[in-house]
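Reviewing the structure listed below.
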Amino acid sequence: MARSRTDELGIDGLLECLKRGEWRVPKFQREFVWTIQDIESLINSVFDARPIGMVTLWELESDKDFETERISLEDSNEYGRSFFGDDVTKVNHSAILDGRQRCTSLAMAFGGLKQKNKQRRFSGSFFLSLLEEDRTNPAKFFKTTDLEKNGLETFSSALSRGYVPLTPAEGESSIRDLFLRAVKIIDNPNIYAEGKMPTQEELKRRETFLNQKYSNFEDAKLAIYTVPSNYDLPEICEIFETLNTTGTKVSTVDLVHSFLYADTSKTGEKDSGLNLRAWIDELGEIKGAHGWSDSKNRPELVVQFVAAIYLTLDNFGVDLAPPR
C-alpha cells in the first residue's frame, strides 16, 4: 500500500491548486462556518509569520466514485453558489478531507472569493491596514456596500487611506504584483485627495511595514498531509475520526453524515450516496416543514434521522450497504 506523505505549500501555490480544480471538497462535507473574525485572525497569522495550520488531502483517480466540487460559498437563491476558480474537474485530483474552512478563508482573503449578493455576510473584500492604530491586527474586512462609503473602491484611493486591497486586480497575477504596486505609488502625491499626504516619516513607516508583511506572506507555508488513493471511503471516514481525536474540530454530526454517505454509495454511480443534509433542507422547502427541517439550525436532525434509519433497518434484518 502506498504511504501517506507530508509536504508544504505557500499561499500562492494553494490558490492555484484551488483555482485549477486540483483540490476540491467532498459534497457531503459541512458548509463554511468560520466568521469574519476567524478569517481576519488567519490573515494576521500569515502577516505575523505565525503557523497557519495543515490541510489533509485524499488523492483521487479517474475511476474513483466520489463526488467533489470546487471551493465555494453558499449565496442567495438568485445566485445559487459562488465558486472559486474554473469549473474543471481534473482526471486526477485531491479531495480536501480536513482544511476546507482554512482553504475557503484563504481563497476569500487573497483570491477574491465572495458572495455575489451584496447583502450577504461574505460579500466584500479584505485589506491590509497600514495605519498605526491597526498595527497589531492589520487585517480588515469591508462589505461591498461599505467600500465606496469608506473610499476604498479603487486601489489608489484605498492606499491613500492607509489600506492595501489583498485581492490582485485585473492585470495583476499575484499578491507580489499587488504589493509592488503599493510600494511604487505609496509616496505619489496624486493619489492623495487635495494633496493631504501623510508625513514623510509616516510614509516611510508604512512602506517598511508593507515590505515586512509581504516578506512574511512569502514565507507562510501550510503543511500538506496527503493520503494515497488506495484508501477506500470507509477508511477515509475513519481518518476523519482520527483527526477529531487529535484536536481538529470535526463534529459528531460530520462523522455520522459521512458514514451514512459511505454506506449508501454504489460503485460506478455518481451521487449515489445519501446526502442527508441536502435531503433535510429540501424537506424544509415543503409547506409545513419550514423552520424545523433545517440542517444548519438543527444539526441534530442528521443524527436523529440516521439513528432512525439504522434502527429500523436492523429491526427488519436489512443490510444498508449496497452490493459493491
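The values are calculated or read from the model by the stated rules, or taken from the named source; none is laboratory data. The shown structure was predicted, so the numbers you read here are calculated from the model rather than taken from an experiment. Using ideal geometry, Cβ is built from the backbone for each residue, glycine included, and neighbour counts are taken over all protein chains shown. What goes into the accessible areas is simple: the full protein's heavy atoms, side chains included, and nothing from ligands, DNA or RNA. Shrake-Rupley method; radii C 1.70, N 1.55, O 1.52, S 1.80 Å.
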Looking at region 157-179 only, could you name the residues that are open to solvent by 50 Å² or more (accessible area, probe 1.4 Å) and at pLDDT 90 or above?
Arg161
Mind checking which residues of region 30-61 are closer than 30 Å to Leu274 by Cα and open to solvent by less than 30 Å² (accessible area, probe 1.4 Å)?
Phe32, Val55, Thr56, Leu57, Trp58, Leu60
Matching residues in region 188-228 - criterion: being under 26 Å from Ser174 (Cα atoms), surrounded by 15 or more Cβ atoms within 10 Å (Cβ to Cβ) and hydrophobic (A, V, I, L, M, F, W, C)
Ile191, Phe209, Leu210, Phe217, Ala220, Leu222, Ala223, Ile224
Taking only pairs six or more apart or across chains, which ones have beta-carbon atoms under 7 Å, a first residue in region 179-193 that is closer than 25 Å to Asn216 by Cα, and a second residue that is hydroxyl-bearing (Ser, Thr, Tyr) and surrounded by 12 or more Cβ atoms within 10 Å (Cβ to Cβ)?
Phe179/Tyr214; Ile185/Ser156
Take Phe83 and tell me if it is closer than 21 Å to Gly112 by Cβ, more than 14 Å from the chain's Cα centre (by Cα) and not small (Gly, Ala, Ser).
no
Conditions first: (1) surrounded by 18 or more Cβ atoms within 10 Å (Cβ to Cβ); (2) free of Cβ contacts under 8 Å to residues at least 60 places away in the same chain; (3) of a type in the set (Gly, Ala, Ser). Gly151 passes all but one, so which condition is the exception?
(1)
Residue in region 264-307 that is surrounded by the most Cβ atoms within 10 Å (Cβ to Cβ), counting only those that are at pLDDT below 70 and under 27 Å from the mean Cα position of the chain (by Cα):
Ser265
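Looking at region 134-143, can you tell me whether even one residue there is aliphatic (A, V, I, L, M) and crowded, with 21+ Cβ neighbours inside 10 Å?
Yes; the residues of region 134-143 include at least one that is aliphatic (A, V, I, L, M) and crowded, with 21+ Cβ neighbours inside 10 Å.
Return the total of residues in region 211-234 being among the polar types (S, T, N, Q), farther than 21 Å from Leu15 by Cα and in contact (Cβ under 8 Å) with a residue 24 or more places away in the chain.
Counting residues in region 211-234 that are among the polar types (S, T, N, Q), farther than 21 Å from Leu15 by Cα and in contact (Cβ under 8 Å) with a residue 24 or more places away in the chain gives 3.
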Only one of these is of a type in the set (Gly, Ala, Ser) and within 16 Å of Ser129 (Cα to Cα): Ala193, Ala182. Name it.
Ala182
